[in-house]
Amino acid sequence: MTKQNPKYIFVFGGVMSGIGKGIAASSIAKIIQAHKYSVTSIKIDPYVNVDAGTMNPTEHGEVFVLSNGLETDQDMGNYERFLNVKLPGSNYMTTGSVYWKVINNERNLKYKGKCVQIIPHVTNEVIKNIRGASVKNKADAVVIEVGGTTGDYENVLFTEAARQMKLKNPEDVLFVMISFVPYPKKIGEMKTKPTQQAARALNEAGIQPDIIIARSDKPIDKKRKEKIALFCNIQKDAVISAPDTDYIYEIPLNFEKDGLSSTILKKLGLKNGGVGDLKDWKKMVDKMKKAKKEIRIGMVGKYFGTGDCILSDSYISVIEAIKHASYNQSRRPVIDWINAEEFEKNPKRLKSLEEYDALIVPGGFGSRGIEGKIKAIQFARENNIPYLGLCYGMQLMVIEYARNVVGLKNANTAEIDLKSEYLIVDLMPEQKEKMQNSDYGATMRLGDYPCEIKKSTLAYDAYKRTSIKERHRHRYEVNPKYIKQIEKAGLVFSGQSPDGKLMEIAELPKEKHCFMIGSQFHPEFTSSPLQPNPLFQSLIKAIKNNK
């Protein structure tokens, strides 16, 4: 394309939260990418937290880790999965991170004695970050998702920054509002009034939506589109229907059916080569729909409950990685949430695990449900059930083996019991020193780290190479003191750091178990629908072979 100014597409949410704003933003980015434009995505969280690292998963959802180690909102994972790219830390900001930068600038006299104000200094920092991300990613188009819901006090700062960008370069900025259109069955018709009110709230902030994406449980009909267009002051072809779907990866295809990419490109003055190249994407979605043979996977964890509800978003990347690998191999995954605490209260319930084709213990922190997880891991090992342990799930797999095979009774992790005679998982010496100095953040391993894989192992069969990089988010490590003793008893540490000090992958040899492997890293963070992560691919293959 002829080089021109980057285009900026702001995505706002209307009516209520949880309507799939992140998936819609990812899908918008995908369909523009399909027209051969370089696209990147930014998430703005209105929270005062500097990053997402301290947020409770049951309240905010999964903490997604970028390759550079930044802890972010789970929507950054959606962007990476849809675009099949690695995003830099500059693509994520929060209210806290913006104010942190402005306050540091003020302390360092960067404003030359001026009275520092929200407008223009804080909004200028937001705009600077957005424009900087476009440069760093060499992007033709930038999709910016503004967190929260229209009318929230928290996101006024970012709405104002968007307004200023449009004012300065109107031909380069586009506003999209994702709104919910309820369909009360007792009334018998879709109601557009909430969307009209959301558009009005945006208008009050100085923003007129260019496009409205109408979310509902069924497609929006012509009459409702006309009504939204009339009362929200937009063109009829700028009202896009976004009905519920069983497959989030179908949403870009649905958007294309409604001509969304053509509308966006036209409004931004970009060349439109017709229908975007989504052939591989469509093949992938078709394969998902055709997969009929079910496999049952039990997810043994603790971050499930929030009141009377189940919050699967706590493990959204794990869920998507399972789907990527399963559908890739023509299997339909059925995932059950298993509260590990149930096995602590009633060990007889372990028998129910026989119903599953595989068990996964995902990452986590703290002591709650740990003994239940260890019992589930033991059951998987003794009953030849395919098992995948992620981060904490690998550490507990090693502890279970140390207790019940090596004979190190009451073996534990320093995270749970510092007084244990056998600290199989512990802080490394340099980490302990930082902890003593209250430097807690520096004790975490975050982001990409290299791993060397031994040949003739499950790990090598999965990755087909001896050197890999995967993302981490943890503080404790398998204690080097016990490595030889554990390996002598049959467990293999098939992946290690290049210097051999950190254990990255643990597994049981094929002659001992059909498939039992754990990774200290989080392979789910690097999985995408077109390129499933190798460890998840191997798990699904093991399920098929075991059946």
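Would you confirm whether any residue within the range 465-477 is touching a Leu at 6+ places or on another chain (Cβ under 8 Å) and of a type in the set (A, V, I, L, M, F, W, C)?
no
Are there any pairs with C-beta distances below 9 angstrom linking a residue in the range 113-130 that is in contact (Cβ under 8 Å) with a residue 12 or more places away in the chain to a residue that is surrounded by fewer than 12 Cβ atoms within 10 Å (Cβ to Cβ) and in a helix (DSSP H, G or I), with the two at least 6 apart or on different chains, and if so which?
Correct list of pairs: ILE127/LYS168.
Which one of ILE31, ILE42, ILE19, ILE23 is in contact (Cβ under 8 Å) with a residue 60 or more places away in the chain, in the same structural domain as VAL181 (by TED's automatic domain parsing) and touching a Leu at 6+ places or on another chain (Cβ under 7 Å)?
ILE31
Checking the structure you have, find out if any residue of the range 304-318 is on the phi < 0 side of the Ramachandran plot, modelled with pLDDT of 95 or more, surrounded by 14 or more Cβ atoms within 10 Å (Cβ to Cβ) and in contact with a helix residue (DSSP H, G or I) (Cβ under 6 Å, 6 or more places away or on another chain).
yes
Do you know which residues across the range 70-88 are free of Cβ contacts under 8 Å to residues at least 60 places away in the same chain and farther than 22 Å from HIS472 by Cβ?
Correct list: LEU83 only.
Check GLN164 against each of (1) crowded, with 23+ Cβ neighbours inside 10 Å; (2) closer than 27 Å to MET16 by Cα and name the one condition it does not meet.
All conditions pass for GLN164, except number (1).
From ILE19, ILE23, which residue is surrounded by fewer than 24 Cβ atoms within 10 Å (Cβ to Cβ) and modelled with pLDDT under 90? Full working, then the answer.
On the way: ILE23 fails: modelled with pLDDT under 90.
One residue alone meets the criteria, ILE19.
Counting only residues that are of a type in the set (A, V, I, L, M) and part of a strand (DSSP E or B), how many does the range 478-508 have? Please lay out each step first, then the result.
Let us first name the residues in the range 478-508 that are of a type in the set (A, V, I, L, M), namely 478, 483, 486, 489, 491-492, 502-503, 505-506, 508.
Filter once more, so that each one left must be part of a strand (DSSP E or B): 478, 492, 503, 505-506.
Residues meeting the conditions: 5.
Looking at this structure, is TYR8 aromatic (Phe, Trp, Tyr), surrounded by fewer than 24 Cβ atoms within 10 Å (Cβ to Cβ) and over 14 Å from the mean Cα position of the chain (by Cα)? Steps first, answer last, please.
Values: aromatic (Phe, Trp, Tyr): yes; surrounded by fewer than 24 Cβ atoms within 10 Å (Cβ to Cβ): no; over 14 Å from the mean Cα position of the chain (by Cα): yes.
Spelling it out, it is not the case that TYR8 is aromatic (Phe, Trp, Tyr), surrounded by fewer than 24 Cβ atoms within 10 Å (Cβ to Cβ) and over 14 Å from the mean Cα position of the chain (by Cα).
Considering only residues that are among the charged types (D, E, K, R) and assigned to a helix (DSSP H, G or I), look in the range 509-547 and name the one that is nearest to the chain's Cα centre (by Cα). Steps first, please.
The initial filter retains those residues of the range 509-547 that are among the charged types (D, E, K, R), namely 510-512, 524, 541, 544, 547.
Subset that is assigned to a helix (DSSP H, G or I): 524, 541, 544.
Values: GLU524: 9, LYS541: 24, LYS544: 27 Å.
Only one residue fits best here, namely GLU524.
Filter the range 176-204 down to the residues that are surrounded by fewer than 16 Cβ atoms within 10 Å (Cβ to Cβ) and among the small types (Gly, Ala, Ser) and list them by number.
GLY188
Table: residues versus (1) under 30 Å from SER330 (Cβ atoms); (2) in a strand (DSSP E or B); (3) not assigned by TED's automatic domain parsing to the domain that holds ALA238.
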position	(1), (2), (3)
ASN254	yes, no, no
SER262	no, no, no
LEU265	no, no, no
LYS271	no, no, no
ASP277	yes, no, no
ARG296	yes, yes, yes
VAL300	yes, yes, yes
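Taking interchain pairs and intrachain pairs at least six residues apart, which have beta carbon atoms under 8 angstrom, with the first residue in the range 89-108 and outside the structural domain of HIS121 (by TED's automatic domain parsing) and the second modelled with pLDDT under 95 and of a type in the set (Gly, Ala, Ser)?
Pairs that qualify, where the first residue is outside the structural domain of HIS121 (by TED's automatic domain parsing) and the partner is modelled with pLDDT under 95 and of a type in the set (Gly, Ala, Ser): there are none.
With respect to the numbered conditions (1) among the hydroxyl-bearing types (Ser, Thr, Tyr); (2) under 24 Å from ILE322 (Cα atoms); (3) buried (at least 20 other Cβ atoms within 10 Å of the Cβ), which one is the sole condition not fulfilled by THR413?
Only one criterion is unmet by THR413, namely (2).
Going residue by residue through the range 450-459, is there one that turns out to be of a type in the set (Val, Ile, Thr), over 22 Å from GLY363 (Cα atoms), buried (at least 18 other Cβ atoms within 10 Å of the Cβ) and in the same structural domain as SER497 (by TED's automatic domain parsing)?
yes
The values are calculated or read from the model by the stated rules, or taken from the named source; none is laboratory data. Small disclaimer: the values here were computed from a predicted structure and weren't measured. Please note: Cβ atoms are built from the backbone with ideal geometry, for glycine as well, and neighbour counts cover all protein chains shown.
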